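Everything below concerns the one structure shown next.
The values are calculated or read from the model by the stated rules, or taken from the named source; none is laboratory data. This structure is a prediction, so every number in the text was calculated from the model and none was measured. Positions of Cβ are backbone-derived with ideal geometry, glycine not excepted, and every protein chain shown enters the neighbour counts. For accessibility, only protein heavy atoms count, side chains too; no ligands or nucleic acids. Shrake-Rupley method; radii C 1.70, N 1.55, O 1.52, S 1.80 Å.
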There are 2 protein chains.
Amino acid sequence: MPSYTPPIRDTRFILDAVIGLQAHANLPGFANATPDVVDAVLEEGGRFVAEVLFPLNQVGDQQGCTRADDGSVTTPEGFKEAYAKFVESGWGTLSAPEAFGGQGMPHVVSTAFQEYMISANMAFAMYPGLSHGAIAALVVKGSPEQQAKYLPKMVSGEWGGTMNLTEPQCGTDLGLIRTKAEPQADGSYAITGTKIFISAGEHDLTDNIIHLVLAKTPGAPDSSKGISLFVVPKFLVNDDGSLGERNGVVCGSIEHKMGIHGNSTCLLNYDGATGWLVGEEMKGLAAMFIMMNAARLGVGLQGLGVGETAYQNAVIYANDRRQGRALTGAAEPGEKADTLFVHPDVRRMLMEAKAWTEGLRALCLWGALQNDLEHAAATEEERQLAGDLLGLLTPVIKGVGTDKGYEIATNAQQVYGGHGYIAEWGMEQYVRDARIAMIYEGTNGVQAMDLVGRKLASNGGRAAQAFFRIVAEECASAKGDERVAGLATALEKALGELQAATMWFMANGMQNPNNVGAGAYSYMNLMGLVSVGMMWLRMAEAARKGLAAGEGDAAFLEAKLVTARFFAERILPDAGALRRKIEGGADAIMALPPEMFAAA
Amino acid sequence: MPSYTPPIRDTRFILDAVIGLQAHANLPGFANATPDVVDAVLEEGGRFVAEVLFPLNQVGDQQGCTRADDGSVTTPEGFKEAYAKFVESGWGTLSAPEAFGGQGMPHVVSTAFQEYMISANMAFAMYPGLSHGAIAALVVKGSPEQQAKYLPKMVSGEWGGTMNLTEPQCGTDLGLIRTKAEPQADGSYAITGTKIFISAGEHDLTDNIIHLVLAKTPGAPDSSKGISLFVVPKFLVNDDGSLGERNGVVCGSIEHKMGIHGNSTCLLNYDGATGWLVGEEMKGLAAMFIMMNAARLGVGLQGLGVGETAYQNAVIYANDRRQGRALTGAAEPGEKADTLFVHPDVRRMLMEAKAWTEGLRALCLWGALQNDLEHAAATEEERQLAGDLLGLLTPVIKGVGTDKGYEIATNAQQVYGGHGYIAEWGMEQYVRDARIAMIYEGTNGVQAMDLVGRKLASNGGRAAQAFFRIVAEECASAKGDERVAGLATALEKALGELQAATMWFMANGMQNPNNVGAGAYSYMNLMGLVSVGMMWLRMAEAARKGLAAGEGDAAFLEAKLVTARFFAERILPDAGALRRKIEGGADAIMALPPEMFAAA
């Protein structure tokens, strides 16, 4: 049976070293996140997920969700009770607006907790996780009446929330949406259509589910510019807040999936369901992106969260299982064999997992900080910079975070040898669960295109230039420190490759945009190396300073320096190869006609 | 529902371009493989697997195997009938020795067929696949009586064969084996112990199952030097060939696994079962390696086989599913959207799959040729070279072949977007099935250690030097051809990185063997790039010559040249990064103590 321990020591270090949480204490919201409060969230939240949610992870996978003939969906045993405790303890309200009953803390704090919740039980964490996107959209785009009616109970977790985008004929290409919204005399709309892959679309955890649904009003253009967003509650809500009649939305089936069995993935049939426009007609795409950007950061966190649990268990197994001898001679001659831990190739996999999970944790929390600063920073310049950086790196957090989560889970399974392939050991579930994160909320290929096609170019490349400048400055200033100079030099070189690749896109993209598309994925990976590399540089600098000052846990800080060196020596070398692949351009990739692929 | 078409055109091209099958027609065995016979194997064998085995692939995954209380195991619906047809058609006898009822054809031919069988149904293909390893061991190490008693029915497929190595406490480290073999008065041994993860260990496909079992005789040393190999039939075989009493080996349970559900993975309890020594006492490890080397080549082929089917279906979906528009403007303005095929990042995944499957197909068939030449070549020098090359590249075929198979299956699933995660579409099964091939018959990390720890150094590095020389000569001679010069130059550079990495190991391995262990995995990948690169160089040269001579299918040959260019531009750049990682050495990888990993 696997285990899970919240990595509180590492989270605290990152809040200190990368985020500088207390330095922001004067900003709105941050005042709520005193050191004592943050400690309580990490300790108590960590205990809650480890004791209540983690024990349900394997059983949730085994049982899955079941749908009855009336369309109702039952979650796995224990989920309902655990969800009630989650609501009671208020864990979903950490960074929700105080105006709607939230605790108003920075996203940095709720992100730290969310990582733990995902690590403990990804399928469970998706129920409140999907609500967050819906809440975010209503906070920005909902009318005061809609906000008053739905938000308090969504924030508390009493009601769930969903995002309804995908239809059988369209996933990425939302211009193809067919769901119709017919205006009614009372100002509402009658929503009719079929939505698929709706996570948490129907379940037994909450009294009501508030669906946010993309649909087209009559005469809307046949493209993504014709999309509007509607709020469609499962049960209509009376003016006094009580639940009214059942709305015309029913779960037609649930999907049999590779993983995340504990989460219900629903086909929802809307048959003249009553909905209300959220924001302006035909401005649904902008509203959708509010949900989507929140969801993408959450999905990136899933890569980290699942990877972390898989990694923890690989470490335990590597120190427990005895097989073979150290290459340098028996490490424990009194035993019949040494532990797997002595083998360099096992250690390589553990170090890769360590370097990526700790680096991604820093990047995810740093992204959450930008989310906070975008709204709370003191000056317009700072707010703009934070928004630019968050927009630029959201596809990287999602795309690279989830690719690495899958790779870490796969390698952790590999450490177990044959036992990793057997269900009861629990490792193969992490691989199956992690896999979906590379696909949903925009496949990782779509993330790569978002990065190179939209984010790089927007505002004349302002965000990328700012990011490059920050990395360059930090490398330059760190090169003087003997213990971090190796990483600073390697990162500076990787940044050079990234800048050269950017220039190559500029020089070759106009002539043939496929040159950009063909290099997009490599570019996203290259930016992943540089952004996570910057996190390692900050962590290494903080470790060096702590050691010099004799502050903190010396062994922990030394380990940060070793891992930073590993990142420089064993991970950053890929930067040059990625640049060369990008500079290969589109020719060889796009040359062949369909009939030259695969069997014939 | 997925589909599968045997890639006959590509197999034929490789037999011609890389293998030069007809040039070997004068060698023993090759005379049986006339062009007509080979065509018949590819066409009829391909039809058999596509029509009989492929339709059972998804149902086999859904149903799995079931064990009854008496220890008997039932395979999925249809497997038994299909297996009977397989035996009746003689598909398992292609390259088995004629002395035991086989057709005596080269391994090149049976390998081509085996790839197709794996592509159609990997779990099914493992039943006869495991027999091959057992047959190989008995052919070399069995006594004439044992050969006469068991081999004809194992070759025909009437009886199955298994390999029993793993025990609960030992997988890689066979020195830890506890199964006991007590000598009996009649010359037999009483075998007692527990074996786990025994593929095809018990099932309803054959009348008898011949287990080859590693065990220790009394007083044998407590290491892998104390291991002996025994043949233990499920039913004892009377002197007239009829089946006698049931032996004391029973299936205690079957594993619930991530994939290959159609194959029974058994825990076998040996309780004083009657067995007979195969070969000499305490020389079991050598006999085991005969089985193991055959199995490793077969597992490498599994990576290719599953990857091929996943890739074929991704191509079909990419040409069917419409989503978004080409970056260069609508490709089909009359449709509401273009096919996925227009998107460069989708095409990147298809090209990677094409480059690796076709390259690995060439490498696997070339490996099979070395297996043939090792025994059949005219001179001792040629036989030695073939044996050297096969030994050197067996871990590469297994390790890189299966890593790439998993990656191809994962990317093929990615092309499907959300539908790839849904079981009924069939793509997620390929990922789950492909995953095991990276683990069993020696994890890929063990393959990497076999390569750098044994194969590189054996006979003073003779095999590696021969391989490097061959690649260098082919690069040098190809650089003059304008249309393949790009690949030849890139491959020569990659070879330079490989040679430099080899030198680095020699210079740094003595001082600290962990420096070799820490770079082993990267080294295996680097050798994978160079060896598959050499296959692409040969295919490109053949294509160029064919085009110049106006022979063959011009579009197909042009596609080979484009894919060779893709391999040079988009895959070979990793060589430099791999070398730099190797040169990072062991320091950062081995520095941290256990308590500095994962949560604390």
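Among residues belonging to the stretch A:467-518 that are hydroxyl-bearing (Ser, Thr, Tyr) and in contact (Cβ under 8 Å) with a residue 12 or more places away in the chain, point out the one that is farthest from A:GLY359 (Cα to Cα).
Restricting to residues being hydroxyl-bearing (Ser, Thr, Tyr) and in contact (Cβ under 8 Å) with a residue 12 or more places away in the chain, the top hit is A:THR502.
Of all the criteria given as (1) closer than 30 Å to A:PHE566 by Cβ; (2) over 24 Å from the mean Cα position of the chain (by Cα); (3) free of Cβ contacts under 8 Å to residues at least 60 places away in the same chain, the one not satisfied by B:LEU529 is (2). Tell me, please, whether a residue that is small (Gly, Ala, Ser), surrounded by fewer than 24 Cβ atoms within 10 Å (Cβ to Cβ) and either free of Cβ contacts under 8 Å to residues at least 12 places away in the same chain or outside any helix (DSSP H, G or I) (or both) can be found in the stretch A:391-402. Checked against the condition, which is being small (Gly, Ala, Ser), surrounded by fewer than 24 Cβ atoms within 10 Å (Cβ to Cβ) and either free of Cβ contacts under 8 Å to residues at least 12 places away in the same chain or outside any helix (DSSP H, G or I) (or both), the stretch A:391-402 yields no hits at all. Of all the criteria given as (1) within 26 Å of B:ASP403 (Cβ to Cβ); (2) more than 11 Å from chain A (Cβ to nearest Cβ), the one not satisfied by B:ASN444 is (2). Within the stretch A:327-348, the set of residues being within 19 Å of B:ASN515 (Cβ to Cβ) and facing chain B (nearest Cβ under 8 Å) comprises A:LEU327, A:THR328, A:PHE341, A:HIS343, A:PRO344, A:ASP345, A:VAL346, A:ARG347, A:ARG348.
A single member of A:ALA273, A:ALA287 is more than 22 Å from A:ASP70 (Cβ to Cβ) and hydrophobic (A, V, I, L, M, F, W, C), and it is A:ALA287. Checked against the criterion of being touching a helix residue (DSSP H, G or I) at 6+ places or on another chain (Cβ under 6 Å), within 14 Å of chain A (Cβ to nearest Cβ) and open to solvent by less than 20 Å² (accessible area, probe 1.4 Å), the stretch B:20-38 has no qualifying residue. When each of B:GLN414, B:GLN429 is tested for being within 10 Å of chain A (Cβ to nearest Cβ) and surrounded by fewer than 24 Cβ atoms within 10 Å (Cβ to Cβ), the lone residue that passes is B:GLN414.
Residues that are within 13 Å of B:THR357 (Cβ to Cβ) and among the acidic types (Asp, Glu) within the stretch B:400-430 comprise just one, B:GLU407.
On the basis of being within 28 Å of A:GLY104 (Cβ to Cβ), at pLDDT 95 or above and either assigned by TED's automatic domain parsing to the domain that holds A:ALA310 or open to solvent by 50 Å² or more (accessible area, probe 1.4 Å) (or both), does A:GLU158 make the cut? Here the answer is yes, as A:GLU158 does meet what is asked. Taking the stated definitions as given, is A:THR379 within 30 Å of A:ALA33 (Cβ to Cβ), modelled with pLDDT of 95 or more, open to solvent by 20 Å² or more (accessible area, probe 1.4 Å) and of a type in the set (Val, Ile, Thr)? So A:THR379 passes the test.
For the stretch A:549-600, what are the residues that are in a loop (DSSP other than H, G, I, E, B), within 7 Å of chain B (Cβ to nearest Cβ) and open to solvent by 40 Å² or more (accessible area, probe 1.4 Å)?
Selection gives A:ALA591, A:ALA600.
Scanning the stretch A:187-213 for residues that are over 26 Å from A:GLY259 (Cα atoms), in a strand (DSSP E or B) and open to solvent by less than 10 Å² (accessible area, probe 1.4 Å) gives a single hit, A:ILE191. Note on the stretch B:231-262: residues that are within 14 Å of another protein chain (Cβ to nearest Cβ) and polar (S, T, N, Q) amount to 1. Of the residues screened, B:GLU381 is one that is away from chain A (no Cβ under 14 Å), in a helix (DSSP H, G or I) and farther than 28 Å from B:PHE113 by Cα. Would you confirm, using the coordinates I've provided, whether B:THR217 is away from chain A (no Cβ under 14 Å) and either open to solvent by 30 Å² or more (accessible area, probe 1.4 Å) or under 28 Å from the mean Cα position of the chain (by Cα) (or both)? The answer is no for B:THR217.
Against the conditions (1) open to solvent by less than 10 Å² (accessible area, probe 1.4 Å); (2) facing chain A (nearest Cβ under 7 Å); (3) under 22 Å from B:ARG361 (Cα atoms), B:SER531 satisfies every one except (2). A:MET163 meets all of the listed conditions (1) surrounded by 24 or more Cβ atoms within 10 Å (Cβ to Cβ); (2) part of a helix (DSSP H, G or I) but one, namely (2).
Just for strands (runs of 3 or more DSSP E) wholly inside the stretch B:241-332: which have at least 1 residues that are open to solvent by less than 40 Å² (accessible area, probe 1.4 Å) and touching a helix residue (DSSP H, G or I) at 6+ places or on another chain (Cβ under 9 Å)?
Once the strands (runs of 3 or more DSSP E) in the stretch B:241-332 are filtered for at least 1 residues that are open to solvent by less than 40 Å² (accessible area, probe 1.4 Å) and touching a helix residue (DSSP H, G or I) at 6+ places or on another chain (Cβ under 9 Å), what remains is B:265-278.
Per this entry, B:PHE100 is not counted among residues that are modelled with pLDDT of 95 or more and under 16 Å from the mean Cα position of the chain (by Cα). Looking for something open to solvent by less than 20 Å² (accessible area, probe 1.4 Å), part of a helix (DSSP H, G or I), in contact with a Pro (Cβ under 9 Å, 6 or more places away or on another chain) and within 14 Å of another protein chain (Cβ to nearest Cβ) - is there at least one such residue anywhere in the stretch B:43-59? Yes; the residues of the stretch B:43-59 include at least one that is open to solvent by less than 20 Å² (accessible area, probe 1.4 Å), part of a helix (DSSP H, G or I), in contact with a Pro (Cβ under 9 Å, 6 or more places away or on another chain) and within 14 Å of another protein chain (Cβ to nearest Cβ).
On inspection, A:SER89 qualifies as open to solvent by 10 Å² or more (accessible area, probe 1.4 Å) and more than 26 Å from A:ALA386 (Cβ to Cβ). Counting only residues that are at pLDDT below 95 and either open to solvent by 10 Å² or more (accessible area, probe 1.4 Å) or basic (Lys, Arg) (or both), the stretch A:220-240 holds 7 of them. Among the candidates A:LYS80, A:LYS85, the residue that is part of a helix (DSSP H, G or I) and in contact with a Leu (Cβ under 7 Å, 6 or more places away or on another chain) is uniquely A:LYS80.
Among the residues of the stretch B:333-356, those that are farther than 17 Å from A:ASP587 by Cα and not in a helix (DSSP H, G or I) comprise B:PRO333, B:GLY334, B:GLU335, B:LYS336, B:ALA337, B:ASP338, B:THR339.
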